[in-house]
Amino acid sequence: MANKKKLSAKESEELLTILKVRFEKNMNRHKGLEWAAVHAKLIAAAYAEKLWSLNEMEKTGGEPDVVGYDKKTGEYIFNDCSAESPKGRRSICYDHEALEARKEHKPENSAMGMASDMGIEILTEEQYRELQKLGNFDTKTSSWVKTPSDIRKLGGAIFCDRRYNTVFMYHNGAESYYAARGFRGSLRV
């Protein structure tokens, strides 16, 4: 399975070109950071699986970009920066438990399951609100966010969106799914 989570040289080159163009086009998302340093980290052999995860984010419509740098860990933080919730990750319920609870009309997957398969983390409400400071995201869609365990134990899950120039947090049954709801992910490299 580890071999599956590695890109070919051509795939890596194509992804790095996409990421570089996006990085340079959106400097407001990562003030003070240089592409050369991000690039050096991404091409290091130790991060091959992370590059694969970024490619999965890209393939599902997430448009990943650097949104920060953690000085303590030396990690660059990538988030999905697509204008709307990533198209390839919509119409899904919250987690595997919710997926199994559906008796009929089950979605193909869950937000937590897809995130795990992709090697990324689903955004927390706090991360989602920080992302919204960098632009207007989810003005027509919504995104599941990491739900506190006390809410999840009661069958609920939370999601966020941006309407009326305001970021809102809502709740739903974790087993619900909608064509306009997906999830946004985060990856540390």
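I'd like to know which of T147, H105, G68 lies farthest towards the positive end of the charge dipole of the chain, counting +1 on Cβ of Lys and Arg and -1 on Cβ of Asp and Glu.
With unit charges placed on the Cβ atoms, the residue in question is G68.
For S142, which sequence-distant residues (separation of 5 or more, or a different chain) have an amide H within less than 5 Å of its own amide H, given hydrogens modelled in the peptide plane?
S85, R181, G182
When DSSP beta bridges are limited to those with both residues in segment 133-189, what percentage is antiparallel, rounded to the nearest 5?
Values: 11 of 14 bridges.
Here the share of antiparallel DSSP bridges comes out near 80 percent.
Out of every Cα-Cα pair in segment 1-93, what percent are more than 15 Å apart?
61
Provide the percentage of antiparallel DSSP beta bridges, counting only those with both residues in segment 89-183; round to the nearest 5.
75
So with the 1.4 Å probe, I'd like the accessible area per residue for segment 24-67, rounded to whole Å².
Result: 51 Å² per residue.
Using the Cα atoms as the points, what is the convex hull volume per residue of segment 113-189 in Å³?
Dividing the Cα hull volume of segment 113-189 by its residues yields 100 Å³.
Considering amide H positions built from the backbone, and no H for Pro or chain starts, which residues 5 or more places from V67, or on another chain, come under 5 Å of its amide H?
When sequence neighbours closer than 5 places are left aside, the close amide H contacts are I77, F78, N79.
Please state the charge dipole magnitude for the chain, taken about the Cα centre, from unit charges on C-beta atoms (+1 on K and R, -1 on D and E), reported in debye and rounded to the nearest 20.
Values: 31 positive and 28 negative charges, 46 e Å.
Taking the Cα centre of the chain as origin, the dipole is about 220 debye.
Which of the listed residues, L19, Y178, H96, is farthest toward the dipole's positive end in the chain, when Lys, Arg count +1 and Asp, Glu count -1 at the beta-carbon?
The one lying farthest along the dipole's positive direction is L19.
Could you size up the charge dipole of segment 102-175 around its Cα centre, putting +1 on the beta carbon of Lys and Arg and -1 on that of Asp and Glu, and report it in debye to the nearest 20? Walk me through the numbers before you get to the answer.
On the way: 11 positive and 11 negative charges, 43 e Å.
For this selection, approximately 200 debye.
Mind jotting down the distance between the C-alpha centroids of segment 1-63 and segment 126-151, whole Å?
22
At a 1.4 Å probe, what is the % contribution of carbon and sulfur to the accessible area of the chain?
Carbon plus sulfur share of accessible area: 52 percent.
The values are calculated or read from the model by the stated rules, or taken from the named source; none is laboratory data. Computed from a predicted structure; not experimentally measured. Glycine gets a Cβ as well: all are built from the backbone with ideal geometry, and neighbour counts include every protein chain shown. The accessibility values were calculated without ligands, DNA or RNA, using every heavy atom of the protein model including side chains. Shrake-Rupley method; radii C 1.70, N 1.55, O 1.52, S 1.80 Å.
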